[in-house]
Amino acid sequence: MGLYVLRRLALTVPILFAVIVLSFWLMHVAPGGPFDAELIDLDPKVVESIRAAYDLDAPVWKQFLDYLGGLLHGDLGPSLIYSDLRVSQIIATGLPISVTVGLSAIAIGIALGIGCGIAAALRQNSFVDYIVMAAAMTGVAIPTFVTAPLLILLFGLYLGWLPISGWGGGDLRHLLLPVIALALPKVATLARITRGAMLEALNTDYVRTARAKGLREWKVVTRHVLRPMLIPVVSYLGPTIATVMTGSVVIETIFGLPGIGRAFVEGASNRDYPVVMGVVIVYAVFIQILNLLVDVIYGYLDPRIRQSYGRPEMSTAGAGIGRGK
Amino acid sequence: MAAESSSANRLGTSIWRDAIYRFSVNRAAMLSFWIIIILTGMAIVIPIWGPHTLDAVDWDRILIPPTFENQHWFGTDANGRDMFVRTMYGARISLTIGVLTTLVALIIGVTYGAIAGYFGGRVDAVMMRMIDVLYAVPTLFLVIILVSAFGNNFLLIFISIGAVEWMTLARIVRGQALAIRQKEYMEAARALGLPASRILMQYILPNVIGPVVVYVTLLIPINIIVESYLSFLGLGVQEPFTSWGRLIAQGAAEMEAAPWLLLIPAAFLTLTMFCFNFMGDGLRDALDPKNR
């Protein structure tokens, strides 16, 4: 087990390196640069000296080596647009905001989504099941950039209960709407996945055997159904948690939250290379850690997977999300 | 050989006929199918023969709510342009992008997955590691980088989205292809000396069509959403053209004064999402071998 984790960790190094190469190359090969738009009227010599100050006149491979060198010392470089800020400062202020909103939404998603999914599966084809599935279908079908403005319209403008934008220093009232908007599709997806996985587990031979030998129903569920049911849930949660922790671009834009999702979009449209790279690296690190966690949890949930840890061909990371029927 | 292939064909059609039958008795899926057909028809026809044109400004009726007067059935926007025509034009762009991006993803994903699965071994390992790397970059991030890097013209938007969304398809096809590799008829085909391209086309692709069709139906709405996200962030289609995402973004900006500008395109987008999801569920049930 420990060996497996170590080998997986070693494997993340080339993956992270490839991600860095890919996004660095994409950013730099693209036409246009960070100082194109605003400096049109300036003396070409000034533009040249600004570009030289950031080493943007060097060949791309040299810029890349410099960037990599900085990275190894934990330096993500300066922001090209906000000239008095380092990328690490931008991420240090933005990340806690994104993580707070994201993890709150995931917590709601886990509690409500898994709960509703189990309830629906245990009473298949009942009224409860139909209500939960209809609500879940709605939640999956409506994107966040529709629900978020509607929530603002209803609770912010018509009813006037909650503030419609801003961070408010982490004030709960400011957090409520963005967290709800972000949580709704997670609740819906988790309810669908849970219900499908639960129904599949309930129809297995070993559950029939457990019932036949007279085990009480709740014991059948807790002992034989919950564990296999959790596998598709966990494989959905892994990448999803990484994504929401890095900040929902849309939610942060609509609610005016100063998280790193918004920093990323601004950075991408301003060609603020180091900021974009910084956020991509944070995301890539998160996703690697969470995929590893998912695979380790698989091992606890299913002994057959645990035994396969010895074999090299074991990549479940980000594998197909079990969509239940 | 000829007799065998014709009997295989007959078996093939009956499997497909079964699937079509099962799909056609699924009311939600059929209703969704017809709604999409009607919506597509309106998206084609209305911008051409509608009561107004896409960018005609009605100076006397700016930001009016939906009304029958002067045929502004969905009202007008802040520039006095007719929302009915604009919503239908948005449908045209959104549906086109949804279908074309999925087509791009389909071509890349199926080719890539089939090759990896057919050759297996080291080729497969290298090709799958490359997908692992791409999976480590968030989809929306990658699309945003691509679009902001290479400008936002219509063609590049759908190539960018398609170039990002093919990976799951590749994995599905590769998994199926790996499973089929072990079958006796594949061994027979190889023993007969059929070239790899012919084996891919004739034996592997027909076998992967079921799951691919289901995933494609679910990928179209995903791609419509991705384009809408981009347009919402101002990175998608540009004026005077419009898509549902753009209309929703503009509507959200005016929603206090004119909520219909947000609600109408949002309702159409949501309806479309419902329809594609129901169709995907229906197709999965229809093509699932366990249901036979």
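Each reported figure results from applying straightforward, stated rules to the coordinates on display, with no laboratory input. Remember, it's a predicted structure, so these values are computed and weren't measured experimentally. Cβ atoms come from the backbone with ideal geometry, glycine included; neighbour counts cover every protein chain shown.
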Quick note, the protein assembly as shown: a/c under 1.5 would make it rounded; otherwise a/b > b/c is prolate and the rest oblate (a ≥ b ≥ c, C-alpha gyration tensor); here it is rounded
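Give me the inter-chain shielding for B:251-260: mean count of other chain Cβ atoms within 10 Å, whole number please.
Numbers: counts 2, 8, 1, 0, 5, 6, 0, 0, 5, 0.
Per-residue shielding by partner chains comes out at 3.
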In the range A:64-128, if every C-alpha pair distance is counted and binned at 10 Å from zero, what percent goes to each bin?
18, 24, 19, 15, 13, 11, 1
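Give the calculated FRET efficiency between B:Gln238 and B:Leu194 to the nearest 0.05, with a Förster radius of 60 Å applied to their Cβ-Cβ distance.
Details: r = 49 Å, r/R0 = 0.82.
So, using R0 = 60 Å, E works out to roughly 0.75.
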Stretch in chain A that is longest and holds no GluC sites (Glu not before Pro) that DSSP places in a loop and that have at most 12 other beta carbons within 10 Å
A:39-312
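Give me A:Arg208, B:Arg181, A:Arg195 ranked fewest to most by other Cβ atoms within 10 Å of their Cβ, as a rough exposure proxy.
Lowest count first: A:Arg208, B:Arg181, A:Arg195.
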Return the aspartates and glutamates within reach of A:Lys45: Cα separation strictly under 13 angstrom, same-chain partners fewer than 8 residues apart disregarded; answer none if there are no such residues.
A:Asp57
Leaving out same-chain residues fewer than 8 places away, which aspartates and glutamates sit with a Cα under 15 Å from that of A:Lys213?
A:Asp205
Could you let me know the centre-to-centre spacing of the range B:186-223 and the range A:127-151, using Cα atoms, in angstrom?
35 Å
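What ranking do B:Leu156, B:Leu218 get, fewest neighbouring Cβ atoms within 10 angstrom at the top?
Values: B:Leu156 15, B:Leu218 18.
Going from sparsest to densest Cβ surroundings: B:Leu156, B:Leu218.
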What does the average come to when, for each residue of peptide A:248-259, you count the partner chain Cβ atoms lying within 10 Å of its Cβ?
2
Among all the aspartates and glutamates, which ones have a C-alpha under 20 Å from A:Lys62's C-alpha, if same-chain residues fewer than 8 places away are not counted?
A:Glu48, A:Asp75, A:Asp272
How would A:His174, A:His28, A:His73 line up from fewest to most surrounding beta-carbon atoms within 10 angstrom?
A:His73, A:His28, A:His174
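Shielding of B:271-279 by partners, i.e. mean partner chain Cβ atoms within 10 Å per residue?
If you average over the peptide's residues, the count of other-chain Cβ atoms is 2.
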Any idea what the alpha-carbon Rg over 2.2 N^0.38 Å comes to for chain B?
1.19
